[in-house]
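Written below as structure tokens is the structure these notes are about.
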Amino acid sequence: MGKLEGRVALITGGASGIGAATARVFFKEGAKLLIADILDQKGKRLAEDLGPNAFFLNTDVSKEADIRSAVDKLMEKFGRLDVMFNNAGIPGPYGPIEEIPVEGFDEVMAVHLRGCFLGCVMRRQL
């Protein structure tokens with residue numbers, strides 16, 4: 001019996017990198033998963049590799065409706081949410097601050113801060 005047997009997790013940014021590695025570990029430990037990401041091919045492939053207790057949903061964490069939809073679909077499929085891993089992130093622009101476009105800054109803040117905030121709010125509302 002794994003450490004997460006019977007638990008249900010939603011992993012944002014779950015299609016690649018740390019999120020995908022976490023999804024594999026959680027699954028190996030017995031968790032059921034929703035892999036939420038904007039990387040459709042990678043997310044679908046990972047969910048298929050993991051099997052019927054994992055599924056993928058295209059989710060832009062900076063959009064409240066996407067996070068709400070992800071939580072709703074997870075609840076429909078598994079009936080509960082035990083772990084909300086707010087992992088999604090993007091590299092964003094880099095360089096001297098005077099050269100960073102405001103739009104690039106806003107995009108990073110929307111994913112890193114707003115996305116994490118929305119995940120916490122949706123989890124708390126259950």
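What follows draws every value from the coordinates through simple rules; no lab data is involved. The structure presented is a predicted model; accordingly, all values stated were derived computationally and were not measured. When we count neighbours, we look across all protein chains shown, and the Cβ atoms used for this are built from the backbone with ideal geometry, even at glycine.
Are there helices (runs of 4 or more DSSP H) fully within the stretch 19-126 with at least 1 residues that are buried (at least 20 other Cβ atoms within 10 Å of the Cβ)? List them.
40-50, 64-78, 115-124
If the condition is being over 14 Å from Lys32 (Cβ atoms), out of contact with any His (no Cβ under 9 Å at 6 or more places or on another chain) and touching a residue at least 60 places away in the same chain (Cβ under 8 Å), then the stretch 72-102 contributes Asn86, Asn87. Scanning the stretch 4-18 for residues that are in contact with a Lys or Arg (Cβ under 6 Å, 6 or more places away or on another chain) and surrounded by 16 or more Cβ atoms within 10 Å (Cβ to Cβ) turns up Val8, Ala15. For Asp106, indicate whether it is free of Cβ contacts under 8 Å to residues at least 40 places away in the same chain and closer than 13 Å to Ala36 by Cβ. So Asp106 does not fit the description; no.
Residues in the stretch 47-73 that are within 26 Å of Glu107 (Cβ to Cβ), under 12 Å from the mean Cα position of the chain (by Cα) and among the hydrophobic types (A, V, I, L, M, F, W, C): Phe56, Leu57, Val61, Ile67, Ala70, Val71. Considering the stretch 28-41, and only residues there that are free of Cβ contacts under 8 Å to residues at least 40 places away in the same chain and touching a helix residue (DSSP H, G or I) at 6+ places or on another chain (Cβ under 7 Å), the residue that is farthest from Gly119 (Cα to Cα) turns out to be Leu33.
Taking the stated definitions as given, is Ala9 in a strand (DSSP E or B), touching an Asp or Glu at 6+ places or on another chain (Cβ under 7 Å) and either closer than 20 Å to Gln125 by Cα or of a type in the set (Val, Ile, Thr) (or both)? In short, yes.
Close contacts from the stretch 7-27, counting a first residue that is within 22 Å of Ala110 (Cα to Cα) and a second that is part of a helix (DSSP H, G or I) and aliphatic (A, V, I, L, M), with Cβ to Cβ under 7 Å and a gap of 6+ residues or different chains, come to Leu10/Ala70; Leu10/Val71; Leu10/Leu74; Ile11/Ala23; Gly14/Ala20; Gly14/Ala23; Ala15/Leu46; Ala20/Leu46.
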